[in-house]
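Each value in this text was obtained by applying a stated rule to the coordinates, not by laboratory testing. These figures come from a predicted structure and were not determined experimentally. In this analysis, Cβ positions are derived from the backbone assuming ideal geometry, glycine residues included, and neighbour counts consider all displayed protein chains.
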Amino acid sequence: MTPYKIAYNFTAILSLFPTENGGRKKPVYNHYRPSFAFNTLQHFSGEISFIDKEELQPGETANAIIKLLPSRHIRQNLKSGDSFSILEGDKVVGSGVIQQIEQESRIAIA
């Protein structure tokens, strides 16, 4: 069996925590690259691009496209309705819910 990595692109509704609840002090912009956790201790790298907005302030909610970088350890069954945390290092700065999986790719590891 050939080992492979999985990459996901999906749309999601995400919210940044308000500063007074432990969130960021400054907004995030398109192409923001935090880590994501899907009910596990493992963190996965990815990129957020907002739909119809350029920035998201702490305490706000927005629709976004999220591209996860390929990983051997990510769950193979992410689906609409799954929740996730948005992290900077070990600090949780927001949360989100998957709306629709746009693409799931399996990339063979040489």
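Evaluate the chain: find the radius of gyration of its Cα atoms, find its Kirkwood radius, and give the ratio Rg to Rh.
Answer for the chain: 0.98.
Name the aspartates and glutamates eligible as straight-distance cross-link partners of Lys53: C-alpha to C-alpha under 20 Å, and not fewer than 8 places from it in the same chain.
In chain and number order, the partners are Glu102.
Counting Lys and Arg as +1 and Asp and Glu as -1, each charge on the Cβ, what is the dipole of region 4-108 about the Cα centre in debye, to the nearest 20?
380 debye
How big is D for region 1-43, in µm² s⁻¹ as a whole number, if Stokes-Einstein is applied with the Kirkwood radius of its Cα pairs at 25 °C and 0.890 mPa s?
180 µm²/s
Determine the relative contact order of the chain: mean sequence separation of Cα pairs under 8 Å and six or more apart, normalised by residue count, in whole percent.
Normalised by residue count, the contact order of the chain is 42 percent.
Can you tally the net charge around Ile66? Count Lys and Arg as +1, Asp and Glu as -1, for every other residue whose Cβ sits under 12 Å from the Cβ of Ile66.
-1
Return the ratio Rg/(2.2 N^0.38 Å) for region 48-110, where Rg is computed over Cα atoms only.
Compactness ratio reported: 1.26.
List the trypsin sites (Lys or Arg not before Pro) in region 1-42 that DSSP assigns to loop (not H, G, I, E or B) and whose Cβ has at most 15 other Cβ atoms within 10 Å. Which are they?
The qualifying sites are Lys25.
Enumerate the calculated ³J(HN,Hα) couplings along region 85-101 in order (Karplus 6.51 cos²θ - 1.76 cosθ + 1.60, θ = phi - 60°), each rounded to whole Hz, writing x wherever the residue is Gly or Pro.
Here the 3J(HN,Hα) series is 9, 10, 10, 10, x, 9, 8, 7, 10, x, 8, x, 9, 5, 8, 7, 7 Hz.
Among the GluC sites (Glu not before Pro) in region 34-110, which ones are in a DSSP loop with at most 14 other Cβ atoms within 10 Å of the Cβ? Mind listing them?
Glu54
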